[in-house]
Amino acid sequence: PCFGPSVDNFLSLRKEYPDKQFSLTVSNIECAEELSKRAKNPVSVYIDIDPGMKRTGVPFGQPVLDFSKRIKKLPNINIRGLHIYDGNIHHPNIHAVNRYSESLMKVIDNTVKELKDIVCIEEVVTSSSLTMESNIAAHKKGSYQWHHTVSPGTAVLWDSNYNDIMPGHF
């Protein structure tokens, strides 16, 4: 989350590299308001959604809709998409993970549809290293119309137990 001095650092980075596209996640109104006040031109943001980790993000359902309405009203904030990190999924049974991913994609699709009167979601970013493959497959299987990007942050810096959970994948 971008708040305090990191807001100025983020805005300075954008100014230093004007030919590059930068965006960030927002998960609470205070950070979004601070970013909105300090930005001199529109900032692309992804609404951070909590898929069950209880770490960061807004819960699915009405909280996402309410949060999106509030963010949409802020000057210099452009909601580009949704960010859903599901690092809480550590199930060794690939069939269970596949079922989880199919369920997640349906929930995301419903959320994108519910948000259509508030904002057009351009992109949905999901996945941990353990759910990347199943989330890609579930998105393809569902033929969803929204752009899906996976962003497994631990593709290089991975937890040592991932190979124990999914032998041969890492």
The set of residues whose placed amide H lies less than 5 Å from the amide H of THR149, leaving out same-chain residues fewer than 5 positions away, is VAL124, VAL125, THR126
Output the 0 to 90 degree angle, nearest 10, between the alpha-carbon long axis of helix 5-16 and the longest principal axis computed from the alpha carbons of the chain. 80
Output the direction-averaged projected area (hull surface divided by four) of the convex hull of the alpha-carbon atoms of the range 79-144, in nm². 4.3
Nearest 20 debye, what's the magnitude of the dipole of the range 44-83 about its Cα centre given +1 on Lys and Arg Cβ and -1 on Asp and Glu Cβ? 120
What is the percent carbon and sulfur in the accessible area of the chain, measuring with a 1.4 Å probe over the protein chains and ignoring ligands? 52
Please state the charge dipole magnitude for the chain, taken about the Cα centre, from unit charges on C-beta atoms (+1 on K and R, -1 on D and E), reported in debye and rounded to the nearest 20. 460
Projecting each Cα onto the charge dipole of the range 101-155 (Lys/Arg +1, Asp/Glu -1 at the beta carbon, about the Cα centre), which of PRO152, ILE136, ASN110 comes out farthest on the positive side? ILE136
Residue-normalised value, i.e. accessible area per residue, for the range 23-68 at 1.4 Å probe, in Å², stands at 46
Translational D (Stokes-Einstein, µm²/s) of the chain at 37 °C and 0.692 mPa s when Rh comes from the Kirkwood sum over C-alpha pairs? 194
CYS120: net charge of surrounding residues, Cβ under 13 Å, Lys/Arg +1, Asp/Glu -1, itself excluded? 0
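The values are calculated or read from the model by the stated rules, or taken from the named source; none is laboratory data. Small disclaimer: the values here were computed from a predicted structure and weren't measured. Cβ atoms come from the backbone with ideal geometry, glycine included; neighbour counts cover every protein chain shown. Quick note on the areas: whole protein, heavy atoms, side chains included, nothing else; ligands and nucleic acids left out. Shrake-Rupley method; radii C 1.70, N 1.55, O 1.52, S 1.80 Å.
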